[in-house]
Amino acid sequence: MQEQIYVGLDMGSSRCQQAVMNGDGTLRFSRVVPTSEQHLRSAFTGLGGEASVHLEAGELSGWAAGIIRPLVDKVVVSHPRTLAWIAHDPLKTDKRDAAKLAELLRLGRVHEVYCETDAPRRTFKHLVVHYETMSREQARQKSKIKARLRTLGVIRKDARVFGGDGQSELSDSITEPSIKKMIGQMFAVLNQMIDMRAEAKAAMLLFAKQFPEVALLEDVPGVGPITACRFVGYVQTPKRFSNKRKFWRYCRLGITRRESNGKRLSHPRLDNAGNGSLKDVSRKVFEAARRTRTDNSFKRAYEQSLANTRNEVHARLSTQRKILATMRAMWLSMKPYSDDTGDEIEAGF
């Protein structure tokens, strides 16, 4: 039987700290490794024994895990919120952090987060994130333009000013050449963002064709191609959650309660840990499903919950949870949506 080895890897943009620990807790060695694919491969080749690696979730963790995984027995990526022993240490250094990562893995005191190993799904998530980023930047530029126009006494609350005709009319109404040039530059940036967002959308939708669950989810009331892409891109696989309640918590729809000595420390509230984009997806599907003229299970669920709770917020959140559970269940079973059997599909998982 091979010796168990525990490795902590503290990632940095230019260098990483590697700590290798034996099964009895003895630190074998600690060294600095430049942050590059070549050096990481070299650092994890020939360690000997059954090597398990522990790293903290961050911008580089997915990339590093993909490089290290074929070279070791196990790679664990843990959530930063669960590493208070490391984050709050008054004598915090990269060397101590790496050793503590190894020690926590040896003791089994880690809270592992999901790290996708399938390259196409990782690429698809990048495309979804890029599209959302371009959408936010476009909205931010529009807000900047309206704010600048207000300083000129031009109050526009509609979106017509951002169209071609609206831009021309606005430009004709400005007589000062310097101001006209300034506003023209802001609109030029916006127009470029609009084109780039359209390209990002096209690339995302094209790449989504290789995932059959995207087309499957488009049949859900209130779900369109973009919403389906966002859902699949962020979830990546529905099997990563053992039940729907864990999925709700990941989507920021779980309830957090804090008690001590039998006394409540705070009122129950939504847990803000998780993926805000999936919460936004459920909200947009809820609103779109309610706007449809045809009856659907989400409309009925909202009305029933509203009648029971007499609280619109609680009823909406309950319906959002139902939407997410239904979409997850459809993906797990790869069965199409049916309004008559929507409750049975959702309840089955």
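Observations on the structure shown:
- For segment 217-239, filtering for residues that are outside any loop (DSSP other than H, G, I, E, B) and either touching a Ser or Thr at 6+ places or on another chain (Cβ under 7 Å) or open to solvent by less than 60 Å² (accessible area, probe 1.4 Å) (or both) leaves 12.
- Options SER173, SER143; residue that is out of contact with any Lys or Arg (no Cβ under 9 Å at 6 or more places or on another chain), open to solvent by 30 Å² or more (accessible area, probe 1.4 Å) and within 29 Å of MET204 (Cβ to Cβ): SER143
- Residues of segment 240-275 that are surrounded by 15 or more Cβ atoms within 10 Å (Cβ to Cβ) and assigned to a helix (DSSP H, G or I): LYS244, PHE247, TRP248, ARG249, TYR250.
- Residue check for ASP195: open to solvent by 20 Å² or more (accessible area, probe 1.4 Å), more than 29 Å from PRO80 (Cα to Cα) and not in a helix (DSSP H, G or I): no
- Test: residue in segment 203-224 that is free of Cβ contacts under 8 Å to residues at least 12 places away in the same chain and either under 18 Å from HIS126 (Cα atoms) or under 18 Å from the mean Cα position of the chain (by Cα) (or both): yes
- Of the residues making up segment 152-199, just one is at pLDDT 90 or above and among the hydroxyl-bearing types (Ser, Thr, Tyr), namely SER178.
- Residue check, ALA19 closer than 29 Å to ASN275 by Cα, at pLDDT 90 or above and either open to solvent by less than 60 Å² (accessible area, probe 1.4 Å) or part of a loop (DSSP other than H, G, I, E, B) (or both): no
- Pairs with Cβ under 8 Å, 6+ apart, first in segment 238-265 and free of Cβ contacts under 8 Å to residues at least 24 places away in the same chain and over 28 Å from PHE211 (Cα atoms), second open to solvent by 60 Å² or more (accessible area, probe 1.4 Å) and assigned to a strand (DSSP E or B): ILE255/ARG269; THR256/ARG269; ARG257/ARG264; ARG258/ARG264; LEU265/GLU259
- Matching residues in segment 1-16 - criterion: being assigned to a loop (DSSP other than H, G, I, E, B) and either open to solvent by less than 30 Å² (accessible area, probe 1.4 Å) or touching a Phe, Trp or Tyr at 6+ places or on another chain (Cβ under 7 Å) (or both): GLY12
- Inside segment 63-100, residues that are farther than 21 Å from VAL235 by Cα and touching a Phe, Trp or Tyr at 6+ places or on another chain (Cβ under 9 Å) make up a count of 5.
- Conditions (1) open to solvent by 60 Å² or more (accessible area, probe 1.4 Å); (2) within 21 Å of VAL313 (Cα to Cα); number of the one not met by PRO212: (2)
- Within the set GLU287, GLU303, the sole residue that is among the charged types (D, E, K, R), out of contact with any Phe, Trp or Tyr (no Cβ under 6 Å at 6 or more places or on another chain) and closer than 26 Å to ALA208 by Cα turns out to be GLU287.
The values are calculated or read from the model by the stated rules, or taken from the named source; none is laboratory data. Worth saying up front: this structure is predicted, and the values here are computed from it rather than measured. Positions of Cβ are generated from backbone atoms using ideal geometry, with glycine treated the same way; all protein chains shown enter the neighbour counts. Surface areas here come from the heavy atoms of the whole protein model, side chains and all, with no ligands, DNA or RNA. Shrake-Rupley method; radii C 1.70, N 1.55, O 1.52, S 1.80 Å.
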